[in-house]
Structures are given as C-alpha cells and as structure tokens.
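Reading through the structure tokens given below for one structure.
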Amino acid sequence: MSNYRIQGATGEWEVVIGLEVHAQVTSQSKLFSGAATAFGAEPNSQVSLVDAAMPGMLPVPNAECIRQAVRTGMAIEAQINAWSRFDRKNYFYADLPQGYQISQLYHPIVGEGSLLIEADEKAGIPEDKVIGIERIHVEQDAGKLMHDQHPTMSYVDLNRSGVALMEIVSKPDMRSPAEAGAYLRKLRAILRYVGSCDGNMEEGSMRADVNVSVRKAGEPFGTRTETKNVNSVRFVMQAIEHEAMRQVDVLESGGTIVQETRLFDPGTGTTRTMRSKEDAHDYRYFPDPDLLPLVLEEDFLAECRASLPELPDAKRKRYVEVLGLTPYNARELTAEVETFARFETLLAETATVTGKDEAKVATQVANWSLSVAPGVMKALSDDADPANATAAAQASILAMADKGEISGGQAKEIFEIVLKTGRDPNEIADTEGLKQVSDTDAIEAAVDAIIAANADKVEQYRGGKEALFGFFVGQTMKAMQGKANPAVVNQLLKDKLG
Amino acid sequence: MTELTSLGVKDLRDGVRDGSFTAREVATAFNAAVADAAALNAFIVTTPDHALAAADTVDAARAAGEPLGKMAGVPIGMKDLFATHGVQTTAASHILEGFTPRYESTVSQKLWDAGAGMLGKLNLDQFAMGSSNETSYFGNVTSPWKKAGSNAAMSPGGSSGGSSAAVAARIASAATGTDTGGSIRQPAAFTGICGIKPTYGRCSRWGIVAFASSLDQAGPMARSVEDCAIMLGAMAGFDPKDSTSLDMPVPDWEAALSSDLRGKKVGIPREYRMEGTDQAILDCWEQGKAWLKDAGAEIVDVSLPHTKYALPAYYIVAPAEASSNLARYDGVRYGLRDLPEGVGLQDMYAATRAAGFGDEVKRRILIGTYVLSAGFYDAYYTQAQKVRALVARDFALAFEQCDVILAPTTPTASFPLGSMNEDPLTMYLNDVFAVPASLAGLPAMSVPATINADGLPLGLQLVGRPFDEQGVLNAGLAIQQRAGFMAKPEKWW
C-alpha cells in the first residue's frame, strides 16, 4: 500500500493514477506504408503516397510492427488476441492527412497483462506491487505542425505520419507519483529489453497521457482528468503531483472536477485545460474497410515467443539466485539494457580468462561494474577514452586481482592507465611495477627483519595484545613498498608470531 | 473494309495480331470517333496521344515478332476514378479538378501492360455516387440512345455512365467501370452492353479513388461477353498493395467460355419480383429463363429472404465508408483549396469542401457521418452490418440449390435526364436488384437481352458464387447467343 496522501483541509486524499503510454515501434518502415521512420530527417522526406493520403492509396500492414506489438504483449504476460481488427478514428486536423487515424478500438491485438514495480523504500514504495495493464493496441502516429516557419501560415511535416505506435493502457492501479515513475521506468526497460521501442522520451519515442483523480479513503473513484503527451518520467510525476493538488483544492473549495483534457507545462510544472468533455470529438470509430481482420497464425506467435530475450524480472532473479549477487546489485544491473549487456559481456570474459564459473566471479565483476569502474571513469572524466574500456582489458584486470597478483588499489591504477592510453593491462602491471609480491621468500625476509627489529612488540603481542598484529602488517607492507600480497603477509606473520 | 470502330475487343485484338489492320489505324479511327462525339460528354479529358503511343508500341512489337499482350492494339476508355500517371484524375469532382497523379492505378497499369491504349478519362457520377450520371461536376453524360419518338436526352446510367455511353456509341471498344452498388451493371443495362463486376478482391483497388472500400470493385464494360472475359483477364490479379486483394490465380476465362449449361442449375429468386418493376422487365426475365433452359440448364426457384433490407443496409454502409474515405479532400495537400482571406484551418476545410463537393456527395457524407455518430452507430451501422451478413448468407444458402442466379439488372429501362431528381430515394431504388450482390461481394454481370416498346435496351443480371466469374460469363454467353441483341443507337451526335 502506498502511503502517499495529500493532506487537505478536510483530511487525507488518495490519488488514483492510470497511464496511457504511446511507444513508437522500432521498425524500419511505417505501420501501413514502406516509408522510413528515422528521427530527425528533413521535413517531408519520409512520406509515401499512402502517408500523404493521395487519392486511391491503401494501407498494407507492416508485419514487423505487428510482431513487435505481439512480443511486447508477451513480455508483460498479456493475452495475445489471435484475431484483432483495425478501426478508423475520424477527425479533421492538418497533421492527419487521411482525416482519420487507423487504430484499434474494438478489438486490440493485446489484452490484459501486468507489470511488477519493485519495492523502493527511498522512493516511497514500501513493497513490490503489480500494476495491471488493460490492453495494448497499435495505431498510426500523426504528422507535425510547424508554426514558426511563416508569419501567417502553419507548415506540416508528415515524416511521422503513419509511424507505428503502441498504446499501452494501464489500469488505474497507481497511487503515487513514485509508483507512476517506477511503472514508466519499468515499462521502458521492458520495451528496451524486447527491442520493440527505443524508449527515447526526448525524441518523442515514448510519451504518456496521465489520468488522475483523487478520493477520500474507501470512496469510489473520483472524476478524472487526462493530461496529454507528457514526455519524461520527471514531468509525469510533476504533472500528477500538481494535478492531484489542484483537484483537492477544487473539491475542498466546494467545486467539482470536470472530465477534461489538460496540457502539462514543463516550464511551470503545472497543468491547464486543453478542452473539456463538451468539446470532445465524436470520433465515429468504425472498422477500417481497407483492411482485413488481423489473424495471427500459431507459427508466427511461436516465433514471437521464441525471440523474446530474458526479461528484467527473470534476469534479476537469476542474478540473485544463480550468480549470488545482492538484491541491490541485481536491481541496479538489470535496470537498463546497456548496463546488463556490459555486465554480462564482462562476466563471460572474466570467467573465460580466469577459467572459473561465472557464479564464482560474479560478485567481483558486479562490484567492478557498478562502483569501481564507474568511479575511475568519473574521476578521470575527460582524460578517459571510454573506447579503451574493453571487456577484454577489464577482464584481464579482474583476473589479475582474482589471482592475487594485484591489489584493489593497483587494479584501479591499471584501469586508469588503460583508459588514458589503451595499453594492455598485463603489460602495464609488469612495466609500471603495479603487481603484488607474492614471493614468499622476499616477504619472509621482510617479516623476519621486522620481528627482529621489534622484539618488544613481539613480546607484547605474544602476551595477548593482539591489536599489534595490524602494526606488523603495516610495517611489512611499508617494507615491501605496498606491493606485497596482503594474504601472504598475513599468513607469514601469523606463522611467525605464533 | 469493316469500320474499325464497330469492332469489339476480341476482333480488334485478333485483327491487329493477324495483320488485318495496324494498331495505329485502330487508334486513329477511335480517336476520330471520340473527337466527333463531344455531344455525349462521355469524356472529361481525351488522350489521343496515349492511344497512339500504345498502338505504336504494339505495332513495333508485332513487327519485331514479339509476343503481343491480351489487349494489344485495343483502345479503351478509362473511368476517371482510376489514377492515371500524368493525366488529370478527378472522380468527376471539382475538388480534384486539375489533380494529376504521379502514379498509375494497378488495374490501368495492367491494361497498358497488356497492350491497351487510353482514349481518355471517362465521365462518371461524382465520386461514383449516382445512378444516372447527373452528379458529375463536368456535366451530365448523355446516352447515345433515344426513346422512340422523343428527342429527350436519356440517362446512360451511373455511376459508370461515361463508360456505358462511350461503349454503346462505338467511340470506345470497351471501358473500365467500377461497381459499388450497381455502377457497372446498371449503366450496362441502360445502354445495351455487357458489364461484369467480379468477386470482391479480384481487381486491385490500389489507385482507384475510393467511394466505399468494402464494396468498390473494378470491372470491364464491353459489347460482348467474350470481350468482358478478355478484358477482365487483363484487369484481375493479386496485388500486395491492396490488403483486400484476392491472392489466387486468375483463370483463363476467355479460353473456358462455354454456353453449354447442361448440368447447371439456374436459381430464380422469388423476392426479386418486386412492385414497381416494369412489366417489360418481368417479361424479359421470363424470356431469360427460357433461354437458359434452352442452353441445358435446369431452372429452380430460390429464396433470398433479406433482399428488401439490402438497399437500406447499403445506404448506411456505403455512405458511412464514404464519409471517412472522402475526409482526405481537405484542401491541404492537393486538389481544390478555398482559403478565404484571414480565416483559420477549420474555415478552410469548410470553404473547400463546400465549394468542392456536389450535392449528392455532400448528402452521402452527411448520411455517413450521421450513422457513425455516437449514439446512432449501433442502431444504424452495426445493424446494417448484420443485414449485410444475412444477405450474404441468403446467397450462400441459395447457391446450395443452384449454380448461378438470374434476375433483372434494373427495375426500369433508361429514363430521361432530369426526370428522377425530385426525390433521391427514387433514384436509389434503381439499384435495388444490383445492391445485394455488391453487399455479398459476389461476381455479377449484366448482359443485354432485348429492346422495350420505347426502343430502349433491357438487361438481365447473372450472379455467381464467390470466385465463379466463369459460371457467370458462361450463363451470360448463353443468353447473348439466344438473345441475338443487335440493336444499336442511331448516331445523332
């Protein structure tokens, strides 16, 4: 249970949140035409006759877009509808050449599913929570109006017109901005794991319509408002916070909430009315007669399922149960595609170089990946060339450390040099003298000398003052110029001090 | 030598192939006939150069000993609903006046690939909405036929009225048509020619200006069943650019033509015996039965119980789709733009569409918008779709008892232009026999049967099972052979 409440004059209010996320499907071409989809192209350079709605043009579904939507549905363990259909949503606007958007109202391709958000005390999520997903349907994106090109006219860029979107509709299951934020991040991670959307909110590949209402505990849902096209996790959280407060203010001052569409202003973090229910369009949805129902064959579904990668929840579980990582490390490593990809590559390489099982070196590699390596890179900042941080180089360093050839401090020093120069870590360790001495004879000689020179302290130690052990270790390391293998030093001292 | 313009598709193709005349001679003769027939207003634009260029290509191919296409050397008219590369394509609407596509419809491209040439773009009812060819922005088409003892300008039918008039007047050997609710069959019946609407999906809709997508289907209009079989063969075929296109092989309909109907059963739907049908039409229907029986067929009574609901359902489904299909004509990207000084986007839409669409088009957009509106959708659109399914089931059940259905094409013969404009419903009723096959997506054909007392042609309609164009053509051929329809309009233009 979220403990997020708005303290109003009349008591505590609970916030109810549902999100409709529009995610651009990763595909080379548009949902119903062969035109390209790359971001940032010259205006109207990626427009086919279909996208411009020339007379007599017809849509043909792009199998790849359908496949991505199905895979996404499978990733949230949703009902996949082997029979679905496209509908037309009719309205006039200059960015909508056909005069209708092809979407799926009555029979979406993906039905109910769910997504887990993990407990995060710091963020105010006391325990794991399952958020229901109502449906996913695919639809066409619209073009873009440009109002700054001419003093009296607006221009239209149809590059986005017809690009495939997935609309992922949650149930009203979230109760705090933090839960909404966690849901969005988790959804984004799943989309990126699956490869069905790049999740790039800045480029508009993912944006959310935010439905918010408030109620007193135990009461039915209040009237909701929908804030359109919010394009970052932070803004979604801000929009919820502001909108919930606003609704509480309205209700407590005796007003009623109007069901309406609102706009978020990132500058002020506030929302304002866009259009009320009375002005709402009558979209006159009806089945698109240019398209046959979409029937998914068993083979196609099997291929979609087989092509799914290991997903965040499963991966996290495996990291803890099989690799023996801490839950914290497991969560950090699985949060982003890039992070786990780097980790798994380095883990495999390290296991190979050391000849050990992955589970045996996983904790070492996880600590290296999450704290040691990022720390070194951050400290070096501009002096580091990230391209030098190859998995092979890092695995070599980790292997030397694993064998006790280098200390933790030496590992960092070697990595610094690798980042700056791209030199081979083993060569660096040798030429720069960055290796621990594990040669028992040399260390033994040093230990003997120190015992001989400190007979009084040896006496005290043997008399029970065990704290002096650290003194002997320090003296030995000093004598060895810090390069002695601490394990060997410890063992020798224990043997000799008795 | 026979006058070349009196020849149909088969004779022209064979004549060019065996060297009786050149394709250029044919094209030249038809170009002259077209130029001489401006009074019919059958063409919106003429393209004599296109016809000549296609002819020269055919003549050169023949001279080089290369194989010739199915339509080699045959000049045809192209209904102005088909997008033609570099040639104005208007759907007979002001809103598309001056629009010149940079693409070619699949069907027209297939015809050019088969060696046909284009005489011009044929007039039609605006956006194919109409049954008399009186809704064109470019003026009415006048039928070449006259009522006996009258000089009144007669309707060539619609919406493919330019096509029917041109073929009947022998200024084109054949023409393309499109049929949404009778737009090939009714004008064919009115002008004494043949026309077949194949199974929905046989001909690609890509590049045809859409009226009602789930009903629109292209087909040939020509003066004989054989000519229709040849031309349909050149038009049909799977097109990956049309999701509703049929992915199945195109049979060689011409080769398999046979008027021997022994072993076939012809169904007579009792519900087509409607009030308001001319006695001459009913008599003609009786005659048709006799002809098919003579060809060896067994005549059986069948029932299509939902027939009377087909027309109302059609006038919900077709306008609903049209209201959405025609939303793209908004003045933003092509065609007419009416932008009064100082107004905004919504005003531009309103002004453009008010000026660009004709009354009948506006009427259907309004009906379609209404039936799809919140609160009315289930009562109208959903209900109409149910009726449509029942109409299709009627046919499926009937085809358990027969192989092909014989019915009148229209309840009346052609009427004078301007005589049916008082009430749009009267006009809509003219498609009462044509619409059921459209709703069911079935192949259906009109063949000329006889002349009524006024000297006007009457047609008979044949409806077949899905994909059985052959059965329809064969029955049509049997009628053609027995009807011996030789009447042709007296040249007055």
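Here are a few things to note about the model shown:
- If the condition is being within 24 Å of residue A:165 (Cα to Cα) and surrounded by fewer than 19 Cβ atoms within 10 Å (Cβ to Cβ), then the stretch A:210-230 contributes A:226, A:228, A:229.
- Residue within the stretch B:300-308 that is surrounded by 20 or more Cβ atoms within 10 Å (Cβ to Cβ), touching a residue at least 40 places away in the same chain (Cβ under 8 Å) and facing chain A (nearest Cβ under 10 Å) present: no
- Among the conditions (1) away from chain A (no Cβ under 14 Å); (2) of a type outside the set (S, T, N, Q); (3) in contact with a Phe, Trp or Tyr (Cβ under 9 Å, 6 or more places away or on another chain); (4) closer than 19 Å to residue B:116 by Cβ, residue B:177 misses just one, which is (3).
- Restricted to strands (runs of 3 or more DSSP E) entirely inside the stretch B:184-270, those with at least 1 residues that are among the hydrophobic types (A, V, I, L, M, F, W, C), within 14 Å of chain A (Cβ to nearest Cβ) and open to solvent by less than 10 Å² (accessible area, probe 1.4 Å) are B:217-222.
- Listed by first and then second residue, the pairs linking a residue in the stretch B:139-161 that is basic (Lys, Arg) to a residue that is open to solvent by 40 Å² or more (accessible area, probe 1.4 Å), with Cβ atoms under 6 Å apart and 6 or more places separating them unless they lie on different chains, are B:147/B:454.
- Taking the numbered list (1) within 12 Å of chain A (Cβ to nearest Cβ); (2) under 24 Å from the mean Cα position of the chain (by Cα) in turn, residue B:362 passes all entries but (1).
- The stretch A:66-83, residues that are away from chain B (no Cβ under 14 Å) and open to solvent by less than 20 Å² (accessible area, probe 1.4 Å): A:68, A:69, A:70, A:71, A:72, A:73, A:74, A:75, A:76, A:78
- Test: residue in the stretch B:75-88 that is at pLDDT 95 or above, of a type in the set (Phe, Trp, Tyr) and either closer than 19 Å to residue B:329 by Cα or buried (at least 24 other Cβ atoms within 10 Å of the Cβ) (or both): yes
- From B:449, B:396, B:453, residue being closer than 19 Å to residue B:282 by Cβ, open to solvent by 40 Å² or more (accessible area, probe 1.4 Å) and not aromatic (Phe, Trp, Tyr): B:453
- Any hit, the stretch B:404-411, residues being among the aliphatic types (A, V, I, L, M), in contact with an Asp or Glu (Cβ under 7 Å, 6 or more places away or on another chain) and either in contact (Cβ under 8 Å) with a residue 12 or more places away in the chain or open to solvent by 10 Å² or more (accessible area, probe 1.4 Å) (or both): no
- Condition check for residue A:200: touching a strand residue (DSSP E or B) at 6+ places or on another chain (Cβ under 6 Å) and at pLDDT below 95: no
- The test for being assigned to a helix (DSSP H, G or I), within 11 Å of another protein chain (Cβ to nearest Cβ) and among the hydrophobic types (A, V, I, L, M, F, W, C) does not hold for residue B:354.
- Among the residues making up the stretch B:314-351, those that are of a type in the set (Ser, Thr, Tyr), under 21 Å from residue A:101 (Cβ atoms) and open to solvent by less than 20 Å² (accessible area, probe 1.4 Å) are B:323, B:324, B:329, B:349.
- In the set A:417, A:443, only one residue is surrounded by 15 or more Cβ atoms within 10 Å (Cβ to Cβ) and either of a type in the set (Asp, Glu) or under 39 Å from the mean Cα position of the chain (by Cα) (or both); that residue is A:417.
- Lone qualifier among A:182, A:208, A:217, A:178 - being at pLDDT below 95 and on the phi < 0 side of the Ramachandran plot: A:217
- Helices (runs of 4 or more DSSP H) lying entirely in the stretch A:409-498 (those with 3 or more residues that are in contact with a Ser or Thr (Cβ under 9 Å, 6 or more places away or on another chain)): A:425-431, A:440-453, A:486-497
- Pair list, Cβ under 6 Å, 6 or more apart: the stretch B:479-491 residue on the phi < 0 side of the Ramachandran plot and among the basic types (Lys, Arg), other residue part of a helix (DSSP H, G or I) and surrounded by 15 or more Cβ atoms within 10 Å (Cβ to Cβ): B:482/B:291
- Selection of the stretch A:269-304 for residues being more than 18 Å from residue B:244 (Cα to Cα), in contact with a helix residue (DSSP H, G or I) (Cβ under 9 Å, 6 or more places away or on another chain) and away from chain B (no Cβ under 14 Å) yields A:269, A:270, A:271, A:300, A:301, A:303, A:304.
- Entry remark, the stretch B:95-113: residues being crowded, with 20+ Cβ neighbours inside 10 Å and more than 14 Å from every other protein chain (Cβ to nearest Cβ) number 3 in total.
The values are calculated or read from the model by the stated rules, or taken from the named source; none is laboratory data. Values in this document were obtained by computation on a predicted structure and should not be read as measured data. Don't worry about glycine lacking a Cβ; one is built from the backbone with ideal geometry, like all the others, and counts go over all protein chains shown. Only protein heavy atoms, including side chains, enter the accessible area calculation; ligands, DNA and RNA are left aside. Shrake-Rupley method; radii C 1.70, N 1.55, O 1.52, S 1.80 Å.
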